[in-house]
Amino acid sequence: MKILVTGSGGREHALCWKLSQSKIVEEVICAPGNGGIKDVARCVNVDAADIDGQLELAKKEGVGLVVVGPEVPLVAGLADKLEDAGIPVFGPSAKAAQLEGSKSYSKEFMERHNIPTAKFSSHTDIDEALEELEKRAGACVVKADGLAAGKGVILCDTKEEARAAVKSILSENSFGSAGARVVIEDFLKGEEASILAICDGTDFITLIAAQDHKAAFEGDTGPNTGGMGAYAPAPVVTPRLREKIIETVIKRTVEGMAKDGNPFKGVLYAGLMIDGDEINVLEYNVRFGDPECQPLLSLMKNDLAEVLLAAADNRLKDVNIEWKDGAALCVVLVAGGYPSDYKKGEKISGLDKAGSIENVVVFHAGTTEKDGDIVTSGGRVLGVTGLGDTLAKAAENAYKACDEISWNGMRLRRDIGHRAL
Ligand code: AMP
Ligand code: GLY
């Protein structure tokens, strides 16, 4: 069969790479794809957010499955349109995607279904929001309700910072319509980890735990980014914690969504704060994490197309996911200046040499081909992923490959995986 993957980042490169190895896939098509994806899939220039364009492409190509990478088309209803057209899709409906699309929806959902999360309140009225801050002591977190590409969360150490955050979201419209409502919540301490589950609406399979590094600079300092690196498995999630997370978070979420009439199909991503034995959900995403997807799929033994097709067809009950031994670690190479302004169009060198190193896969995130060269076209440019018997070996392999690659302004964090190493 043909499979269409929607999107153009490192996550989509990993999806296309893994799907292209499937026994049941005759062709992988990616829309729009990028400069690296074209080596494993046929790229068609339709934007991921162009819902009608994606639907038309799926129909025209007669694909047997659509795998939607990013959240924007999911929240906009791409999965609903494909289902209406009778095309199998791996990804949640617009209503189910509200788990990521609206922080107040997800917080109320968690409250209703007894899923552990920080105490919160939500406001559209600025005076009411400021009044709520007066009742709070010290640190809190202020979040824009809607999708803000990972930037809508402001960690506030003081009341002054919190007031400024509320004002910037509600009255200065710094996040546009995503900030028509704010969520104010308790500041949680601990170590973060991500647990992802593949769901078919009723059943689910929990993947091994991953940890990403959101901060731009070493030692987890600096502004938040989309993710500077990730690795799996993350030892902070011990077998006992994992059972607890499955029981109190994943199972309750999947059952709660079905009970609310919005069965969840696709990847349920729970971003967690872990403090000793205590776990709390920081956020849900409704898709594979980027870059968490890269190490996770590098370690998966299964034929991914069979797994995702089973999820799309509500047949996950009969599926088992098997993992390679060892660990995988992805280092994201970014453009100088990212996550603020950065230059595009820089020629990348050393890709062939890096890609030929054993136990390394170089996933492209923001690249394009220009006059036969691969050049940068985004902030996060490459996801260099190493595998190894141990996490230390995986890191060694990944950094060995990173050292072969260069372009004007390239930057990376040298400490990916530091919490586990
Ligand atoms: P979110 O998009 O909600 O996951 O938030 C982005 C990042 O902000 C998270 O990965 C955490 O590092 C941080 N964060 C979010 N909510 C909280 C919280 N309640 N307490 C502490 N840190 C948080
Ligand atoms: N790496 C975090 C995310 O994909 O949202």
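Descriptive notes on the structure:
- For the stretch 377-409, residues that are over 21 Å from the mean Cα position of the chain (by Cα) and not in a helix (DSSP H, G or I) total 10.
- Considered as a group, the residues in the stretch 219-265 that are among the hydroxyl-bearing types (Ser, Thr, Tyr) and in contact (Cβ under 8 Å) with a residue 24 or more places away in the chain include one that is nearest to Ala148 (Cα to Cα), and that residue is Thr225.
- The criterion of at least 3 residues that are near ligand 1 (Cβ under 10 Å from one of its atoms) is met, among strands (runs of 3 or more DSSP E) falling completely within the stretch 108-163, by 140-144, 153-156.
- Check on Ala165, at pLDDT 90 or above and either within 16 Å of ligand 2 (Cβ to nearest atom) or aromatic (Phe, Trp, Tyr) (or both): no
- Against the criterion of being farther than 30 Å from Leu391 by Cα, within 14 Å of ligand 1 (Cβ to nearest atom) and free of Cβ contacts under 8 Å to residues at least 60 places away in the same chain, Ala215 does not qualify.
- Residue in the stretch 253-275 that is outside any loop (DSSP other than H, G, I, E, B), within 14 Å of ligand 1 (Cβ to nearest atom), out of contact with any Gly (no Cβ under 6 Å at 6 or more places or on another chain) and modelled with pLDDT under 95 present: no
- Matching residues, the stretch 176-203, being buried (at least 21 other Cβ atoms within 10 Å of the Cβ) and either within 16 Å of ligand 2 (Cβ to nearest atom) or more than 27 Å from Glu134 (Cβ to Cβ) (or both): Ala178, Ala193, Ser194, Ile195, Leu196, Ala197, Ile198, Cys199, Asp200
- Looking only at the stretch 87-107, and only at residues there that are among the polar types (S, T, N, Q) and not in a helix (DSSP H, G or I), the one that is modelled with the lowest pLDDT: Ser102
- Of everything in the stretch 349-390 that is out of contact with any Cys (no Cβ under 7 Å at 6 or more places or on another chain) and hydroxyl-bearing (Ser, Thr, Tyr), the residue that is nearest to Gly417 (Cα to Cα) is Thr390.
- The single condition from (1) over 21 Å from Arg411 (Cβ atoms); (2) of a type in the set (Val, Ile, Thr); (3) away from ligand 2 (no atom under 16 Å from the Cβ) that Thr376 fails is (1).
- Only residues that are over 23 Å from Gly378 (Cβ atoms) and within 14 Å of ligand 1 (Cβ to nearest atom) were counted across the stretch 222-233, and they come to 0.
- Within the stretch 310-352, being over 30 Å from Asn408 (Cα atoms), assigned to a helix (DSSP H, G or I) and more than 20 Å from the chain's Cα centre (by Cα) holds for Ala310, Leu316, Lys317, Asp318.
- Scanning the stretch 212-226 for residues that are surrounded by fewer than 24 Cβ atoms within 10 Å (Cβ to Cβ) and either of a type in the set (Gly, Ala, Ser) or within 10 Å of ligand 2 (Cβ to nearest atom) (or both) yields Lys214, Ala215, Ala216, Gly219, Gly222, Asn224, Thr225, Gly226.
The values are calculated or read from the model by the stated rules, or taken from the named source; none is laboratory data. Everything numeric here is computed off the predicted structure, so don't read it as measured data. FYI the Cβ positions are ideal-geometry reconstructions off the backbone, even for glycines, and counts take in every protein chain you see.
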